[in-house]
Amino acid sequence: MARHLPRVAVAAVAALLLAACGGEGDKAGSDAPGKGGAASTAFPVTVEHKYGSTTIEAEPNRVVTLGLSDQDAALALGVKPIGAVDWFKEEPYGKWPWTKELWGSAKPQIVGERDEYNVEKIAALEPDLIIAQYSGMKKEQYETLSKIAKVVAQPKGHPDYGAPWQVMTEQIGKALGKEGAAKKKIADIDERFKAVRGKHPEFADLTLVVADSFEAGKYSAFTRSDPKSIFFEELGFQLKPEIDKLAQPGWNVAELSAEKLDVLDVDRLVWVTSSSESDERIKAEPFYKKLKVSQDKRDLFVPYQDPDVGAAFSFNTVLSIPYALDEIEPLLTAIK
């Protein structure tokens, strides 16, 4: 099923699995990147997910994360994944300001891009746990990867890429035997959101849409299931129901032509963009210039990277949210 971010594709090849499992992998030691610390008494644990349930008998030492942002929750709980997928196509592990110190010199092996997993690379790492929460993992991929290690697929009861960050964090915490620590981190972040809402009760009276545009004449507005929209709703803003109605089933965005930009005429419009050139192109669009939100300068242009504000609320994790809150609050309050 097509989605704006990210793509969904199947790349599990069972033949690669047999070839990869025969080699001598890097065995886990006391300083292995995925080591979670002293032996835990939490195990065994059973985690329910989209494709059933997975029982993890002992504390995992070699963890691979296949969700686009799953590595953040693992890092927050003291576990460095030995493998992860790439999202921004730049292998920015150690770059993001909210993870730089936690990764240190132990960078993960890149084992895929979005939902295109390299089964051979995963098998060669000899993981004992594979986590895929913020993902679009297919059942065939789940079954293939389950021959390599225990797999905790995306949460059940939510669309792919649509589970709240709290649910995904708790699932990851449970799988790692650190459910209590995960719940504490979730509570701390919830308090951060609550504090901002308390300082700015005016947010509750304002409608907000998050949008982007990667090429001329094509615009996207994010639905309420997207992490970016979830972030701003937790700040207290009202989302616009029309966006969800305009989106195709299963999509996290509504795609808009320039003639349909009137749906973005809200109290606050947050553009997440890739360059200043994109900002100027959007501002110069004749249909956009007619909108009150543009004329009144109630629109906000936020870069994905440099500074990494857009990336922070796109990840929307226990690690990135504090950074996003610190960066976005003054930008929002500067709009009159």
Query - Residue within region 182-205 that is in contact with a Leu (Cβ under 7 Å, 6 or more places away or on another chain) and surrounded by 23 or more Cβ atoms within 10 Å (Cβ to Cβ) present - result: yes
Report task. Could you tell me whether any residue of region 306-320 is of a type in the set (D, E), open to solvent by 60 Å² or more (accessible area, probe 1.4 Å) and more than 21 Å from the chain's Cα centre (by Cα)? Result -> no
Query raised in the report: Given the structure, is Q238 open to solvent by less than 50 Å² (accessible area, probe 1.4 Å), under 27 Å from the mean Cα position of the chain (by Cα) and of a type in the set (S, T, N, Q)?
Result: no
Query raised in the report: For F231, are the conditions met, namely being closer than 20 Å to L68 by Cβ, among the hydrophobic types (A, V, I, L, M, F, W, C) and either crowded, with 18+ Cβ neighbours inside 10 Å or touching a residue at least 24 places away in the same chain (Cβ under 8 Å) (or both)?
Result: yes
Query raised in the report: From the set of residues in region 263-300 that are of a type in the set (S, T, N, Q) and within 21 Å of T333 (Cα to Cα), which is least open to solvent (accessible area, probe 1.4 Å)?
Result: T273
Report task. Go through region 59-74 and give me each residue that's closer than 11 Å to W165 by Cβ and hydroxyl-bearing (S, T, Y). Result -> S69
Query raised in the report: So which helices (runs of 4 or more DSSP H) are wholly in region 37-155 and hold at least 2 residues that are open to solvent by 10 Å² or more (accessible area, probe 1.4 Å), free of Cβ contacts under 8 Å to residues at least 60 places away in the same chain and not hydrophobic (A, V, I, L, M, F, W, C)?
Result: 100-103
Report task. State whether one or more residues within region 158-170 are over 26 Å from D226 (Cβ atoms), open to solvent by 10 Å² or more (accessible area, probe 1.4 Å), out of contact with any Cys (no Cβ under 9 Å at 6 or more places or on another chain) and among the acidic types (D, E). Result -> no
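The values are calculated or read from the model by the stated rules, or taken from the named source; none is laboratory data. Computed from a prediction, not measured in an experiment: that's the story for all the values here. Glycine also receives a Cβ, built like all others from the backbone with ideal geometry; neighbour counts cover every protein chain displayed. Just the protein is used for accessible areas: all its heavy atoms, side chains included, with ligands, DNA and RNA removed. Shrake-Rupley method; radii C 1.70, N 1.55, O 1.52, S 1.80 Å.
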